[in-house]
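Undergrad: Starting off with a structure, shown below.
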Amino acid sequence: MNNSVLNTARLLGAGLRALLVLTLVTGVIYPLVITGIAQGLFPDKANGSEIKAGGRVVGSSLIGQPYNLPLNKGEETPAPDLKWFQGRPANGLSSNSVNTQYKLLLSGATNLSADNKELIKQVEAAKAAVVRDSSVPGYRVKPSQVPADAVTSSASGLDPDISPQYAGLQVHRVAEMNGVPVAEVQKLVDEQTEGRTLGFIGEPRVNVLQLNIALKDLVARS
């Protein structure tokens, strides 16, 4: 009986020591080491790839954000604020229908096939909007000039980048609405264009948030 109690106590003691050691190693030491390495070698990525402007964080280079006008009374869908460069459509996004306390935004794709009538309708409407909104006196956008990223959403719906072609289509509109020369706005697009990762991965791209921050600075100087 006494041996049984002693064995049980010994096993419990060993288990408790193992729990404390593993908690210290995996719950304290390991997270601190990984956090230290991340902060030392990749501080920008470790902190969410934040973008700052005017001394405050205005977004992340990894997550797109809309540039819309305030909702008017009776409106459910805000109109784009065309003085800014616009990002890709976000047709796959939806709001949370389970949590009734907070209105959450869910990322995702439409999962519609290429021949789906709803998708075709969305693409045609988006193309017409790009042609209409980006055409200004002396510069008319042709439907054949509209690139795929201007009329389709990404798999997450949160793509922060657009193609240089789509940014270029918006240059004349943005220049006119902000009262700055077209050449200076085009220069911003050229400066903000990033090449393929490692020279061969992906496509050239322009981060919309960073481009609009540069645009805001340009307008302020004009």
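Undergrad: Residues of segment 175-221 being surrounded by fewer than 11 Cβ atoms within 10 Å (Cβ to Cβ) and part of a helix (DSSP H, G or I), which ones?
TA: A183, A220, R221
Undergrad: Between P66, P31, P70, which is out of contact with any Asp or Glu (no Cβ under 7 Å at 6 or more places or on another chain) and under 19 Å from L158 (Cα atoms)?
TA: On the way: P31 fails: under 19 Å from L158 (Cα atoms); P70 fails: under 19 Å from L158 (Cα atoms).
Being out of contact with any Asp or Glu (no Cβ under 7 Å at 6 or more places or on another chain) and under 19 Å from L158 (Cα atoms) holds for just one of P66, P31, P70, which is P66.
Undergrad: Looking at segment 148-162, can you tell me whether even one residue there is without any contact (Cβ under 8 Å) to a residue 24 or more places away in the chain, assigned to a strand (DSSP E or B) and at negative phi?
TA: no
Undergrad: For the list (1) surrounded by 10 or more Cβ atoms within 10 Å (Cβ to Cβ); (2) at pLDDT below 90; (3) among the hydrophobic types (A, V, I, L, M, F, W, C), I need the number of the one condition that V98 fails.
TA: V98 satisfies every listed condition except (1).
Undergrad: Just to be sure, is P204 farther than 15 Å from W84 by Cβ and not charged (D, E, K, R)? Break it down into steps so the answer makes sense when it comes.
TA: Working: farther than 15 Å from W84 by Cβ: yes; not charged (D, E, K, R): yes.
When the stated conditions are applied, P204 passes them.
Undergrad: In segment 190-209, which residues are touching a helix residue (DSSP H, G or I) at 6+ places or on another chain (Cβ under 6 Å), touching a residue at least 40 places away in the same chain (Cβ under 8 Å) and under 23 Å from R56 (Cα atoms)?
TA: In the first step, residues of segment 190-209 are kept if they are touching a helix residue (DSSP H, G or I) at 6+ places or on another chain (Cβ under 6 Å); the result is 192-193, 204, 206.
Filter again for touching a residue at least 40 places away in the same chain (Cβ under 8 Å), leaving 204, 206.
The one that is touching a helix residue (DSSP H, G or I) at 6+ places or on another chain (Cβ under 6 Å), touching a residue at least 40 places away in the same chain (Cβ under 8 Å) and under 23 Å from R56 (Cα atoms): V206.
The values are calculated or read from the model by the stated rules, or taken from the named source; none is laboratory data. What you see is a predicted model; the values in this text were computed from it and never measured. Virtual Cβ from ideal backbone geometry, glycine too; neighbours counted across all protein chains shown.
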